[in-house]
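Every read-out reported here was derived from the displayed coordinates using simple, explicitly stated rules and does not represent laboratory data. Values in this document were obtained by computation on a predicted structure and should not be read as measured data. Methodologically, a virtual Cβ is constructed for each residue, glycine included, from the backbone with ideal geometry; neighbour enumeration extends over all protein chains shown.
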Amino acid sequence: MNMLTRVEAVNGRGADATPASRRLTPRRRAALILAPLLLAGAVGWRVLDRPQPAAAAAPPPTVGIATPLARTVTEWDDYVGRFAPSQTVEVRPRVSGAVTAIHFKDGDIVRRGQLLFTIDQRPFQAALAEARAGVASARSALALARSDYARVQRLTGDEAVSASEVDALRARLQAASAALAAAEARARARALDLEFTQVRAPIAGRISDRRIDIGNLVSGGEGSAATLLTTINALDPIYFTFDASEALYLKAQRDRQAGRAASDVEVRLQDEADYRWKGKLDFTDNGLDPKSGTIRGRATFANADLFLTPGMFGNMRLASGGTRRALLVPDASIQSDQARKTVLVVGKDGTVSARPVELGPVIDGLRIVRSGLAATDRVVVSGIQSAVPGAKVTMRAERIKPDAGAPEAPDAAAPIAAQATFAS
């Protein structure tokens, strides 16, 4: 007896029950399959139907903040110009003749009164001797006229000489006196001509090369009619000439009206990194050039070693507003909002805001802030990309320090003054 027969016997079922059990088997099988699926679906629904926990809020970004650096600074305006001699003289002869000697070397430093050229003196010596002879003759004639007049003056009391004769002798005495004065004047003129045969330096300075060699004839006279022998430039002190725009001129005038002196001048040569030449502004022209809109200015520099030479190019800076207290922030912290310049500041509650500012020049990587900031404001100096106006940030205290090695950035802020330095 197999297992199925035993089960049917136990249940009291015979052969008639077997078809019915086979008809229920698919349902049972379906129920057995669907029951676990329904149970799993109910469990999953309960799990999915639960509310999800809220996502954790991201912490605010951390930025570095610092109060603006307060320092005393000197602001400068930039100019370009050239050095020029404080005096320049064209050496020309006062008398004509042949050059017999030259007493200098081309390019020498000469002192005032130093002998430079000698012109043939013999014709002038002869003329002077003739003039002195004329003086002696006129002096003798004067002595005779004075004696004759004195003689007749003693005889007038006895009416031995007529009044007309006395008047004639008096006139002859006066004419002799005048003739002596003329002769002496001619002698002085001839002596002066003889002195002019020695051409001397009228000023001290550096002499140019000679334009005339020994043996050449030169013409004396006034102005450009005389032959040019050489030129001399006075180099100590030396001038620096420059042209200033109308805007810079107006700014200098405003500073002067406000009581701020603008006389300190510094110049940097082409091969120099520092402004080592110190001078003083001593002249501004009396009007602007209507064609270029500029005005001519001049500064004076000491040049004891004669290193500076006329025509030399230089960059000059002029102290525009004297020294003043200024607030400085890192130039990298300046942001541009179209034409407006801003810096990011953090309030007491940690909220970032953009503050419009007016800028000045850069000193050692730090930008002068003319207005818009207070000394107690907390400026974002690092992590600027993470700071968004209106958002909150975590603050980290930092310090602002000058960096003398910082490269000079282009002045996109267009400050009023072109440069600034820390006041000593």
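Which of the aspartates and glutamates could a cross-linker bridge to LYS392, judged by Cα under 15 Å and excluding same-chain residues fewer than eight apart?
Answer for LYS392, where 15 Å is the Cα cut-off: ASP349, listed by chain and number.
Given labels modelled 7 Å from the Cα in the Cβ direction, how far is it in nm from ASP289 to GLU165?
That separation, rounded to one decimal, is 8.1 nm.
From Cα pairs below 8 angstrom and at least 6 apart in sequence, can you work out the relative contact order of segment 91-233, rounded to a whole percent? Write down the numbers at each step before the final one.
Working: 226 pairs, mean separation 70.4, N = 143.
Rounded, it is 49 percent for segment 91-233.
Compute the distance from the alpha-carbon center of segment 60-83 to that of segment 352-397, in whole Å.
Computed from Cα coordinates, the inter-centre distance equals 13 Å.
So, by mean Cβ neighbours within 10 angstrom, what's the order for 303-313, 60-70 with the highest one leading?
60-70, 303-313
Order these by the 10 Å Cβ neighbour count, fewest first: VAL369, VAL152. Present the calculation step by step, with values, prior to reporting the outcome.
Details: VAL369 23, VAL152 16.
Placing the least packed residue first, the sequence is VAL152, VAL369.
With the cut-off at 29 Å, tell me which of the pairs LYS251/LYS278; LYS105/LYS278; LYS251/LYS280 have Cα atoms farther apart than that.
LYS105/LYS278
Kindly rank 208-221, 183-196, 226-239 from highest to lowest mean number of other beta carbons found within 10 Å of each residue. Don't skip to the answer; put the middle values down first.
On the way: 208-221: 13.6, 183-196: 16.8, 226-239: 20.0.
Output ranking for 208-221, 183-196, 226-239: 226-239, 183-196, 208-221.
Give the cross-link partners of LYS401 among the lysines, using a straight C-alpha distance below 25 Å as the criterion and excluding same-chain residues fewer than 8 apart.
Output for LYS401: LYS341, LYS348.
Note down, for segment 91-233, the three equivalent ellipsoid semi-axes (square root of 5 times each alpha carbon gyration tensor eigenvalue), biggest first, whole angstrom. Intermediate results must be reported in sequence, preceding the final value.
Details: eigenvalues 519, 33, 24 Å².
Gyration-tensor ellipsoid for segment 91-233: 51, 13, 11 Å.
What order do you get for 356-365, 244-253 when each peptide is scored by the mean count of other beta carbon atoms within 10 Å, highest first?
Going by the mean number of other Cβ atoms within 10 Å, highest first, we get 356-365, 244-253.
Pick out, in residue order, every one of the trypsin sites (Lys or Arg not before Pro) in segment 77-160 that is DSSP loop and has at most 16 other C-beta atoms within 10 Å; say none if there are none.
Sparse-neighbourhood loop trypsin sites (Lys or Arg not before Pro): ARG94, LYS105, ARG111, ARG112.
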